[in-house]
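Here is the structure we will look at, set down as C-alpha cells.
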C-alpha cells in the first residue's frame, strides 16, 4: 500500500534528511522506497509497487543486464545495460509506469 506521508522520499528535490538510495535484488516485482534505486542481479522487472498513489517518477539504476518487460504494470519493455539509469513515470489513471527515453 502506498505511503503518501513519505512522498518526499521519492521526490526529485531532496535534502540530506531523505534516505540514501537503496540497493535491491532484482526481481519480477520490486518495491522502491526512494527516488533512486539500484538493482543488482539479472532478473527482468515486471511490476513496480508504487510507493505513493499519485503521479510520480522513479529512477532505477541497473547493476546487471536485465531491463523490464510489459507483462505487469510497466507499459513498454525496455532493455538495459550495466550502469544504465531508467526513469519511470507512474500514471495513476492507467496504473502503469512509463519508461522514459529510447530503448537500447
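Roughly how many Å is it from the Cα centre of the stretch 72-86 to that of the stretch 1-53, as a whole number?
Between the Cα centre of the stretch 72-86 and that of the stretch 1-53, the gap is 15 Å.
For mean projected area of the Cα convex hull in nm², one of [x] 10.1; [y] 14.9; [z] 6.1 was computed from the structure I shared and the rest are decoys. Which label?
Only one option fits the structure, namely [z].
What length, rounded to one decimal in nm, is gained on full extension from residue 22 through to residue 65, with 0.36 nm per residue of separation minus their alpha-carbon distance?
Gain on stretching residue 22 to residue 65: 13.6 nm.
What ranking do 88, 97 get, fewest neighbouring Cβ atoms within 10 angstrom at the top?
Working: 88 22, 97 26.
By the 10 Å Cβ count, ascending: 88, 97.
Every number here is computed from the coordinates shown, using simple stated rules; none is lab data. Everything numeric here is computed off the predicted structure, so don't read it as measured data. Cβ sites come from the backbone with ideal geometry, for glycine too, and all protein chains shown count toward neighbours.
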